[in-house]
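Participant: Please find one structure pasted underneath; my questions will follow.
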Amino acid sequence: MLTRVERLREHLAQKNLTGILITNYHNRLYLSNFTGSEGLLFILQDKAYLCTDFRYLEQAAQEAPGWEIVKLDRPWTETVRKLVEPRSRVAFEAESLTWSRYRELVQDISGVEWVAEKGLVEKLRSRKDAEEIRRLREAIRLTDEGALYLQSMLKPGLSEKEVALELEFYLRRKGAVGPSFPFIVVSGPRSSLPHGQPSERRLVPGDIVIVDFGVIYEGYCSDLTRTFILGPPRSEQTALYELVLAAQERALALAGPGVAAASVDAAAREVIAKAGYGDYFGHSLGHGVGLEIHETPHLSSSSTEELQPGMVVTVEPGVYLPGAGGVRIEDVILITEQGREVLSQAPKHSFVL
Ligand code: ZN
Ligand code: ZN
């Protein structure tokens, strides 16, 4: 099996590039396993340099065996200048290298063609290997436990902020390193805010409560949304819930290898539009998860990607009726050779009666 760096080198060769400068933190971590806050990778066909400052030299050698560790000079371009061959074509990460650092490269190092590249490593990251899937499964198992905890803990009188705080404490005690994003807890009329932050609002009987949360476990993120109803659901609440669930089930049944990501989004959207709520599902259906909470591929109408075995993505349709309330249901799936495996197992009919 090719290593991550070898797979990247194949892409470089195809694009006629001599090497690549990696400045994105998560791409650096993915390729080298180095976790320090400062550093860059310079990868050539026959060399792999990890450049970092004095504070991290020992740590880099421990975390990234096989990499040639180079101390970053001042200015940093002096280090790159010593490593780069004249008249070479070197890629840089257009979405990560700042404009001022790019200017320094061009000004300080002559005779090199700098080529802007987007998403090269992100594309490799979109298909997870066995170790990444193991970590993701564990992160998702923790959020499943969190969902069960919510079911036992949610009650009238608690504020949204208190719910978010209690949930985070619980997950950290269970082994999560921390939250993978600030938890979303929205209740009652606020449940129509797709990305609302927890407020001082206190839960009352009859509320819809949407909780969207995730943890980091060994560097990998989970993401789960459950919608709870406090007390016996009203008929319009049940109808909305069943609609969103039907949309999600349609998408889950369709997702698999070789399927266009955009068509999975369209399948869920069609269910909601047919019921007359098309205008109230304004976000995309899902996104990849891994080292980052949102990564490629995206399940959206504008996506040009095709799902492939090893991709781990969320499927999260929602309907949000301003003033009345909303429902979102989010699960994480792994695309397999045969189809898909739903990784999150938290119950979906999680009404709190
Ligand atoms: Zn989420
Ligand atoms: Zn999500």
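The values are calculated or read from the model by the stated rules, or taken from the named source; none is laboratory data. Quick caveat: nothing in here was measured; it's all calculated off a predicted structure. A quick note on method: Cβ atoms are made from the backbone with ideal geometry, for glycine too, and the neighbour counts reach across all protein chains shown. Accessible surface areas use protein heavy atoms only, side chains included; no ligands, DNA or RNA. Shrake-Rupley method; radii C 1.70, N 1.55, O 1.52, S 1.80 Å.
Participant: Would you list Phe281, Phe54, Phe169 from the most to the least accessible area, probe 1.4 Å?
Facilitator: Details: Phe281 5, Phe54 155, Phe169 115 Å².
These residues rank, largest area first, as Phe54, Phe169, Phe281.
Participant: Looking at the chain, send over the antiparallel percent of its DSSP beta bridges, to the nearest 5. Intermediate values should be presented prior to the final figure.
Facilitator: On the way: 40 of 53 bridges.
In the chain, approximately 75 percent of DSSP beta bridges are antiparallel ones.
Participant: Let me ask you something else. For Arg55 and Lys155 in the same chain, what is the full-extension length gain: residue separation times 0.36 nm, less their Cα-Cα distance, in nm? Present the calculation step by step, with values, prior to reporting the outcome.
Facilitator: Details: separation 100, 0.36 × 100 = 36.00 nm, distance 4.85 nm.
The Arg55-Lys155 span can extend by a further 31.2 nm.
Participant: Right, something else. Around Gly231, which amide H atoms from residues at least 5 apart in sequence, or from another chain, sit under 5 Å from its own amide H, with H modelled in the peptide plane?
Facilitator: Gly206, Val352, Leu353
Participant: With an 8 Å Cα cut-off and a minimum separation of 6 or more residues, compute the relative contact order for segment 4-125 in percent. Don't skip to the end; give the middle numbers.
Facilitator: Working: 186 pairs, mean separation 31.8, N = 122.
Worked out over segment 4-125, it gives 26 percent.
Participant: With each label point set 7 Å from Cα along the Cα-Cβ vector, what nm distance links Gln62 and Ala94?
Facilitator: Calculated label separation equals 3.9 nm.
Participant: Evaluate Rg over Rh across segment 160-206, taking Cα atoms for both radii and Kirkwood's formula for Rh. Working shown, then result.
Facilitator: Values: Rg = 11.7 Å, Rh = 11.5 Å.
Using only Cα positions, Rg/Rh for segment 160-206 is 1.02.
Participant: Continuing with the same structure: Under the Karplus relation 6.51 cos²θ - 1.76 cosθ + 1.60, θ = phi - 60°, what is the ordered set of whole-Hz ³J(HN,Hα) values for segment 309-321, x standing for Gly and Pro?
Facilitator: So the J values, rounded to whole Hz, are x, x, 6, 10, 9, 8, 10, 9, x, x, 10, 10, 9.
Participant: Only Cα pairs within less than 10 Å get springs; with that Gaussian network setup on the chain, which residue of Trp67, Trp114, Trp99 has the largest fluctuation?
Facilitator: Trp99
Participant: Need one value: the accessible area of Glu160 in square angstrom, 1.4 angstrom probe, rounded to the nearest 10.
Facilitator: Per-residue accessible area (Glu160): approximately 0 Å².
Participant: Enter the mean projected area of the convex hull around the alpha-carbon atoms of segment 178-250, in nm², rounded to one decimal. Mind showing how you got there, number by number?
Facilitator: Numbers: hull surface 23.4 nm².
Taking the Cα atoms of segment 178-250, their convex hull projects to 5.8 nm² on average.
Participant: Measure nothing fancy, just the Cα-based angle from helix 4-14's long axis to the longest principal axis of the chain, in degrees from 0 to 90, nearest 10.
Facilitator: It is inclined by approximately 70 degrees.
Participant: Let me ask you something else. Just order 100-112, 196-208 by mean Cβ neighbour count inside 10 Å, highest at the front, would you? Display every interim value, and only then the final one.
Facilitator: Working: 100-112: 13.2, 196-208: 16.6.
In descending order of packing, they fall as 196-208, 100-112.
Participant: Pairs to check: Lys15/Lys82; Lys155/Lys274; Lys161/Lys348. Give those whose C-alpha atoms are more than 26 Å from each other in this structure. Please list the in-between numbers first.
Facilitator: Working: Lys15/Lys82 24 Å; Lys155/Lys274 34 Å; Lys161/Lys348 23 Å.
Distance filter (> 26 Å) returns Lys155/Lys274.
Participant: Let me ask something else about it. If the convex hull of the alpha-carbon atoms of segment 70-224 is projected onto planes in all directions, what is the mean projected area in square nanometres? Before the final figure, lay out the partial values.
Facilitator: On the way: hull surface 52.7 nm².
Mean shadow area of the hull around the Cα atoms is 13.2 nm².
Participant: How big is the shadow of the Cα convex hull of segment 1-111, averaged over all directions, in nm²? Show your work: numbers first, answer last.
Facilitator: Working: hull surface 27.5 nm².
The orientation-averaged projected area of the Cα hull of segment 1-111 comes to 6.9 nm².
Participant: Report, ordered by chain and residue number, the aspartates and glutamates lying within cross-link reach of Lys71, taken as a straight Cα distance under 16 Å and ignoring same-chain residues fewer than 8 apart.
Facilitator: Within reach: Glu38, Asp53, Glu58, Glu63.
Participant: Same structure again: Taking the Cα-to-Cβ direction at Arg103 and at Thr3 and moving 7 Å from each Cα, how far apart do the two end points lie in nm?
Facilitator: Taking the simple label geometry, Arg103 and Thr3 are separated by 3.7 nm.
Participant: Provide the solvent-accessible area of His26, counting protein heavy atoms only and rolling a 1.4 Å probe, rounded to the nearest 10 Å².
Facilitator: 50 Å²
Participant: Here's something else I'd like to know. Residue separation times 0.36 nm, minus the C-alpha to C-alpha distance between Asp129 and Glu242: what's the value? Working shown, then result.
Facilitator: On the way: separation 113, 0.36 × 113 = 40.68 nm, distance 3.47 nm.
My answer for the length gained is 37.2 nm.
Participant: Hey, another quick one. Search the structure for amide H atoms under 5 Å from the amide H of Val70, placed 1.01 Å from N in the peptide plane, and list their residues when 5 or more places away or on another chain.
Facilitator: Excluding prolines and chain starts, which carry no amide H, the hits are Leu50, Cys51, Thr52.
Participant: So what is log10(I(q)/I(0)) for segment 4-60 at q = 0.17, 0.20, 0.24, 0.26 1/Å, when the Debye sum runs over its Cα atoms only?
Facilitator: Calculated log10 I(q)/I(0) at the listed q: -0.52, -0.69, -0.93, -1.04.
Participant: With a cut-off of 8 Å between alpha carbons and a minimum separation of six or more residues, what is the relative contact order of the chain in percent?
Facilitator: Values: 754 pairs, mean separation 51.1, N = 353.
Answer for the chain is 14 percent.
Participant: Continuing with this model, one more query. Run the numbers for Ala13 and Ala260: contour at 0.36 nm per residue of separation, minus the present Cα-Cα distance, in nm.
Facilitator: On the way: separation 247, 0.36 × 247 = 88.92 nm, distance 2.73 nm.
Length difference between fully extended and current span is 86.2 nm.
Participant: May I have the extent of the alpha carbons of segment 254-353 along their three principal axes, as whole Å values ordered from largest to smallest?
Facilitator: Ordered largest first, segment 254-353 gives principal extents of 41, 32, 25 Å.
Participant: Take the Cα gyration tensor of the chain, multiply each eigenvalue by 5, square-root it, and list the three semi-axes largest first, rounded to whole angstrom.
Facilitator: On the way: eigenvalues 366, 98, 62 Å².
They are 43, 22, 18 Å, listed from largest to smallest.
Participant: What value, in deg cm²/dmol to 500, does the helix sum -39500 (n - 2.57) over DSSP H runs of n ≥ 4 give at 222 nm once divided by the residues of the chain? Don't skip to the end; give the middle numbers.
Facilitator: Values: 10 runs with 122 residues, N = 353.
Rounded to the nearest 500, it is -11000 deg cm²/dmol.
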